[in-house]
Amino acid sequence: MNEAICPVCPHHCYLSEGAFGRCGARKNVGGTVVCTNYGKLTALALDPIEKKPLAFFHPGSYVLSVGSFGCNLSCPFCQNYGIAAAREAEAGRLYEVSPEQLCGLAEEQRSRGNIGVAYTYNEALVGYEYVRDTARLVREAGMLNVLVTNGTAELPILEEILPYIDAMNIDLKGFTPEIYRYLGGDLETVKRFIARAAKDCHVELTTLVVPGMNDDAEDMRREAAWIAGINPGIPLHITRYFPRYKLRRPPTDIESMRRLETVAREYLTRVRLGNV
């Protein structure tokens, strides 16, 4: 029968032979769930580290940023939906780049201020094996690894990559179970992921404020208080939503964002507004 259950995220997709998981990047091949996007890049760019966003990790530097295809959430406001919501056939041109080749490319960019590799653009952990294998080589070469993730992964997956990751920006989409159900995720999974990651690497968090979804001040109060319980110095980026993909609500009111910033600053020492 060759059925298999994917262990990577809380969806635990039950897959028959040849079937893909919800993320579109993991497939049952002979009873084993494999990532089909291994080494298949849709994007490669040398970005300012602040673009991740990371404001307190080697500011002023650059990082070689790579993405593939697939994601295990269904955010209707996704800014990278062309690759995150895509299956392989829909993702456009793919570049086959092995971990060894990517590490070599990163080393070549050192003269331009590159400090390492960022795994970003789509949800990198749906292909965590590529992140793990590349990050190990990058670390051995004396460079740094950055992960940009929605945090929707089980802790054993995090434990596999964490020894090689130097910094993360983790999306915290909101602070109610209802928001995560709307997006196809699970708040408690993300909270566990953040708490564990913050023990062993530099972590910054991002909350994209969408009008009518997660712009309630009391929700922000609970979110900031919970973050402070881990470490009040964890940076929180409160970023402005603009219409994108399937969601066409007006952009977030800037005064509303400033009110949320004020609330968050009651608990956290490093709060920044983004996209304003």
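Could we say that LEU208 is of a type outside the set (D, E, K, R) and under 28 Å from ASP253 (Cα atoms) here? Show your work before the answer.
Working: of a type outside the set (D, E, K, R): yes; under 28 Å from ASP253 (Cα atoms): yes.
Here the answer is yes, as LEU208 does meet what is asked.
How many residues are over 10 Å from the mean Cα position of the chain (by Cα) and at negative phi if we restrict to the stretch 108-125?
Kept after step one, since they are over 10 Å from the mean Cα position of the chain (by Cα), are these residues of the stretch 108-125: 108-118.
Applying the additional criterion that residues be at negative phi yields 108-112, 114-115, 117-118.
Count: 9.
In summary, GLY274 fulfils each of the numbered conditions (1) crowded, with 21+ Cβ neighbours inside 10 Å; (2) among the small types (Gly, Ala, Ser); (3) in contact with a strand residue (DSSP E or B) (Cβ under 9 Å, 6 or more places away or on another chain) with the single exception of condition (1).
Among the residues of the stretch 60-68, is any under 28 Å from ARG244 (Cβ atoms), within 17 Å of the chain's Cα centre (by Cα) and β-branched (Val, Ile, Thr)? Scanning the stretch 60-68, I find at least one residue that is under 28 Å from ARG244 (Cβ atoms), within 17 Å of the chain's Cα centre (by Cα) and β-branched (Val, Ile, Thr), so the answer is yes.
When the stretch 35-53 is limited to residues that are hydroxyl-bearing (Ser, Thr, Tyr) and farther than 25 Å from LEU172 by Cα, the one that is nearest to the chain's Cα centre (by Cα) turns out to be TYR38. Given (1) crowded, with 18+ Cβ neighbours inside 10 Å; (2) charged (D, E, K, R); (3) under 26 Å from TYR81 (Cα atoms), where does ARG181 come up short, assuming only one miss? In the conditions (1) crowded, with 18+ Cβ neighbours inside 10 Å; (2) charged (D, E, K, R); (3) under 26 Å from TYR81 (Cα atoms), ARG181 misses (1) alone. Against the test of being farther than 21 Å from LEU147 by Cβ and not basic (Lys, Arg), the options GLY70, GLY60, GLY92 yield a single qualifying residue, GLY92. Please verify whether ALA118 is more than 20 Å from ARG22 (Cα to Cα) and at pLDDT 95 or above, treating the condition exactly as stated. Yes; evaluated as a whole, the condition is true for this residue. Against the condition at pLDDT 95 or above, among the β-branched types (Val, Ile, Thr) and touching a Lys or Arg at 6+ places or on another chain (Cβ under 8 Å), how does ILE194 come out, does it pass? No; evaluated as a whole, the condition is false for this residue.
Annotation: of all residues in the stretch 234-264 being among the basic types (Lys, Arg) and in contact (Cβ under 8 Å) with a residue 40 or more places away in the chain, the one that is surrounded by the fewest Cβ atoms within 10 Å (Cβ to Cβ) is LYS246.
In summary, VAL117 fulfils each of the numbered conditions (1) closer than 19 Å to SER74 by Cβ; (2) of a type in the set (A, V, I, L, M, F, W, C); (3) in contact (Cβ under 8 Å) with a residue 40 or more places away in the chain; (4) assigned to a strand (DSSP E or B) with the single exception of condition (1).
With respect to the conditions (1) without any contact (Cβ under 8 Å) to a residue 60 or more places away in the chain; (2) within 27 Å of GLY274 (Cβ to Cβ), TYR128 falls short on a single one, namely (1). So, of the residues in the stretch 120-140 that are part of a helix (DSSP H, G or I), touching a Lys or Arg at 6+ places or on another chain (Cβ under 9 Å) and not aromatic (Phe, Trp, Tyr), which turns out to be surrounded by the most Cβ atoms within 10 Å (Cβ to Cβ)? Only one residue fits best here, namely VAL126.
Taking the residues in the stretch 147-167 that are among the charged types (D, E, K, R) and either without any contact (Cβ under 8 Å) to a residue 60 or more places away in the chain or part of a strand (DSSP E or B) (or both) as candidates, determine which candidate is surrounded by the most Cβ atoms within 10 Å (Cβ to Cβ). Working first, answer last.
Kept after step one, since they are among the charged types (D, E, K, R), are these residues of the stretch 147-167: 154, 159-160, 166.
With the extra rule that they be either without any contact (Cβ under 8 Å) to a residue 60 or more places away in the chain or part of a strand (DSSP E or B) (or both), the set shrinks to 159-160.
Details: GLU159: 11, GLU160: 15.
Here the residue is GLU160.
Filtering the stretch 61-81 for residues that are touching a His at 6+ places or on another chain (Cβ under 7 Å) and not hydroxyl-bearing (Ser, Thr, Tyr) leaves a non-empty set. All told, ARG221 meets the bar of being surrounded by 15 or more Cβ atoms within 10 Å (Cβ to Cβ) and on the phi < 0 side of the Ramachandran plot.
The values are calculated or read from the model by the stated rules, or taken from the named source; none is laboratory data. Keep in mind the model is a prediction, meaning the values are calculated, not measured. Neighbour counts are summed over all protein chains in view; Cβ atoms, including those assigned to glycine, are modelled from backbone coordinates with ideal geometry.
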